[in-house]
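The values are calculated or read from the model by the stated rules, or taken from the named source; none is laboratory data. No experiment lies behind these values; they were computed from the predicted model shown. We place every Cβ from the backbone using ideal geometry, glycine too, and count neighbours over all the protein chains shown.
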Amino acid sequence: MSAVNDTMFQPAVFLLTGIPGLEDVHIWISIPFCLMYVTSILGNSLILFIIKTDPTLHEPMYIFLSMLAVTDLGLLISTMPTILGIFLFNSREISFDACFAQLFFIHSLSYIESTLLLFMAFDRFVAICNPLRYASILTPPRVAKMGLVSLLRGVVLMFPLPILLKQHRYCHANVLSHCYCLHQEVMNMACSDVRVNSVYGLAASVSSVQLDSLLILLSYVMILKTVLRIASHVERLKTLNTCVSHVCIVLLFYTPMVGLSVIHRFGKNSSPFIQIVMGYVYMMVPPLMNPIVYSVKTKQIRARIIRVFVK
């Protein structure tokens, strides 16, 4: 009888949350979100245009950057229409299938971005620690294969998640604490045993995001060891300056992701407002800031942007 009752009360949709307590001003909150959305779309599109049209930028580092821009555009398209729908039209309902599809794209694109950041760290490692073999190691076919590996890795790791989630009954409260669907939170809505989901989600995270961050850290330890052997102080700074952009976007990506993951897994008593703010930062800040960071800190891209706008 209990199983029957659970099934009878299974909700047909999930309800997404805007910013609790600020529903009356959602329409005003939508203005900065719209500006960030448009700016992120234009910024990443501009990066893609510049790299595509300038043959001097057809190098591994910039090819990885273009892949990163495509990934950021995918994240924006997967989430921002839902967020703006809540703020502008109070459209809070999302069907099970749409929610599962959204969380698949969010997590798979995030894992793809993590892999690309690892490959970009490898690019800097080879360029600084083994510059004479840079062209022979990071050949165009190999860079293309690395891009394909990042895509397949994200898709394959995340493909089981929506399938596993569809096996559960959802008879608990159906209100999610974000403007979009995440695996950990949807899993907590289930009233059946979710240990398989929990173990698989943790294993996927450890084998991708956490492993990538550890390898990125290791690569920069090796880079620092190489740089410290350079006698000239000016040359040290010049060499390290080629890594500043990558370090910035690594911090922008991993800091909110780790914070949100820790809150979901261990912060049961944390403020819902903190969870919501971290969710927005995790989803919106990296796509907004990545093109800005590379435009400001990379001389070739900055010069090309200036030429475009001057013309």
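Some points to look at:
- Residue within the stretch 131-145 that is in contact with a Cys (Cβ under 9 Å, 6 or more places away or on another chain) and not acidic (D, E) present: no
Results for (1) aliphatic (A, V, I, L, M); (2) in contact with a helix residue (DSSP H, G or I) (Cβ under 7 Å, 6 or more places away or on another chain); (3) touching a residue at least 40 places away in the same chain (Cβ under 8 Å), shown as yes or no for each residue.
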position	(1), (2), (3)
H178	no, yes, yes
V186	yes, yes, yes
N197	no, yes, no
A203	yes, no, no
L211	yes, no, no
L217	yes, no, no
T239	no, yes, yes
L251	yes, no, no
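- Screening the stretch 153-166 for residues that are loosely packed, with under 15 Cβ neighbours inside 10 Å and touching a residue at least 24 places away in the same chain (Cβ under 8 Å) and picking the one that is farthest from the chain's Cα centre (by Cα) gives K166.
- Looking only at residues of the stretch 289-308 that are in contact (Cβ under 8 Å) with a residue 12 or more places away in the chain and not hydrophobic (A, V, I, L, M, F, W, C), we find that the one that is nearest to D54 (Cα to Cα) is R304.
- Residue list for the stretch 73-97, restricted to those being farther than 15 Å from Y180 by Cβ and touching a Gly at 6+ places or on another chain (Cβ under 9 Å): N90
- The stretch 51-63 - residue that is buried (at least 17 other Cβ atoms within 10 Å of the Cβ) and modelled with pLDDT of 90 or more and, of those, farthest from I137 (Cα to Cα): I51
- Among the residues making up the stretch 219-237, those that are assigned to a helix (DSSP H, G or I) and either in contact with a helix residue (DSSP H, G or I) (Cβ under 8 Å, 6 or more places away or on another chain) or under 28 Å from F96 (Cβ atoms) (or both) are S219, Y220, M222, I223, T226, V227, L228, R236.
- Options G85, G21, G74; residue that is outside any helix (DSSP H, G or I), surrounded by fewer than 21 Cβ atoms within 10 Å (Cβ to Cβ) and not β-branched (V, I, T): G21
- Among the residues of the stretch 98-133, none is identified as surrounded by 15 or more Cβ atoms within 10 Å (Cβ to Cβ) and without any contact (Cβ under 8 Å) to a residue 12 or more places away in the chain.
- The stretch 111-141 - residue that is in a helix (DSSP H, G or I) and polar (S, T, N, Q) and, of those, farthest from S205 (Cα to Cα): S136
- All positions within the stretch 282-300 that are among the β-branched types (V, I, T) and at pLDDT 85 or above: V285, I292, V293
- Annotation note: Cβ proximity below 9 Å between a residue of the stretch 38-55 that is in contact (Cβ under 8 Å) with a residue 40 or more places away in the chain and a residue that is among the acidic types (D, E) and assigned to a helix (DSSP H, G or I) (sequence gap 6+ or interchain) occurs for S40/D72; G43/D72; N44/D72.
- Residue check for A98: within 22 Å of D123 (Cα to Cα) and among the small types (G, A, S): no
- Scanning the stretch 38-50 for any residue that is out of contact with any Cys (no Cβ under 9 Å at 6 or more places or on another chain), assigned to a helix (DSSP H, G or I), β-branched (V, I, T) and crowded, with 20+ Cβ neighbours inside 10 Å turns up at least one such residue.
- Residue within the stretch 189-197 that is surrounded by fewer than 17 Cβ atoms within 10 Å (Cβ to Cβ) and assigned to a helix (DSSP H, G or I) present: yes
- Whenever a residue of the stretch 253-270 is under 22 Å from A121 (Cα atoms) and in a helix (DSSP H, G or I), its partners that are at pLDDT 80 or above and of a type in the set (D, E, K, R), lying with C-beta atoms within less than 7 angstrom and at least six residues away or across chains, give the pairs F253/E113.
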